[in-house]
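The values are calculated or read from the model by the stated rules, or taken from the named source; none is laboratory data. Worth saying up front: this structure is predicted, and the values here are computed from it rather than measured. Cβ placement follows ideal geometry from the backbone for every residue including glycine, while neighbour counts extend to all protein chains displayed.
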């Protein structure tokens, strides 16, 4: 099973992102848009896991505590090498602190730490096939002004299983872990 840990979006933010996507989506055939119900902020991608690791995660992640985590969505952007369009997320001290606590905890269950720096974001579209760079360039042209998004306070983080299907990934929630502001 392929696992990752992420923060779900507040409904208001998901609605604002949906408005942006609806405006940009027409005329971008070289992009595969992600579904609203898959949007999240990844804290850690774990990859393939055993049943024993899943059991360990359930026990250990419930021990992760954090002060309130304010989430502010930044500007849309692009990962050129990965061929992805995303909404940036401000890497506040509270968010990076939670991410580090999660990574430290998952290491106890045998998961490796990603060598890349933490860059919180919400993936909105991925390039597909030949000419994928063209789709991203077309999309850049559609961003005449930078949208503003609402902020929210994360109430929980989730353990997801990713199911790869023909039309894209489907995510199943395997565990919910509240952010307990009294025990940060």
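Does residue 72 fit the bill of being in a strand (DSSP E or B), in contact (Cβ under 8 Å) with a residue 40 or more places away in the chain, under 26 Å from residue 164 (Cα atoms) and in contact with a strand residue (DSSP E or B) (Cβ under 6 Å, 6 or more places away or on another chain)? Talk me through it step by step, then tell me what you get.
Numbers: in a strand (DSSP E or B): yes; in contact (Cβ under 8 Å) with a residue 40 or more places away in the chain: yes; under 26 Å from residue 164 (Cα atoms): no; in contact with a strand residue (DSSP E or B) (Cβ under 6 Å, 6 or more places away or on another chain): yes.
So residue 72 fails the test.
Please go through segment 20-47 and pick out each residue that is over 12 Å from the mean Cα position of the chain (by Cα) and modelled with pLDDT of 95 or more.
Restricting attention to segment 20-47, the residues satisfying the condition of being over 12 Å from the mean Cα position of the chain (by Cα) are 20-33, 35, 46-47.
Within segment 20-47, just 46 meets the criteria.
Going by the conditions given, is residue 96 touching a residue at least 40 places away in the same chain (Cβ under 8 Å) and surrounded by 13 or more Cβ atoms within 10 Å (Cβ to Cβ)? Walk me through it before giving the result.
Numbers: touching a residue at least 40 places away in the same chain (Cβ under 8 Å): no; surrounded by 13 or more Cβ atoms within 10 Å (Cβ to Cβ): yes.
Taking the combined requirement at face value, the residue does not satisfy it.
Can you tell me which of 76, 67 is touching a helix residue (DSSP H, G or I) at 6+ places or on another chain (Cβ under 8 Å), within 27 Å of residue 117 (Cβ to Cβ) and surrounded by 18 or more Cβ atoms within 10 Å (Cβ to Cβ)?
Values: 67 fails: surrounded by 18 or more Cβ atoms within 10 Å (Cβ to Cβ).
That would be 76, the only listed residue that is touching a helix residue (DSSP H, G or I) at 6+ places or on another chain (Cβ under 8 Å), within 27 Å of residue 117 (Cβ to Cβ) and surrounded by 18 or more Cβ atoms within 10 Å (Cβ to Cβ).
Looking only at segment 146-174, filter to residues that are without any contact (Cβ under 8 Å) to a residue 40 or more places away in the chain and within 20 Å of residue 88 (Cα to Cα); which one of those is surrounded by the fewest Cβ atoms within 10 Å (Cβ to Cβ)?
Out of the qualifying residues, it is 148.
What's the number of the only condition in (1) modelled with pLDDT under 95; (2) touching a strand residue (DSSP E or B) at 6+ places or on another chain (Cβ under 8 Å); (3) within 21 Å of residue 8 (Cα to Cα) that residue 79 fails to meet?
The single condition residue 79 does not satisfy is (3).
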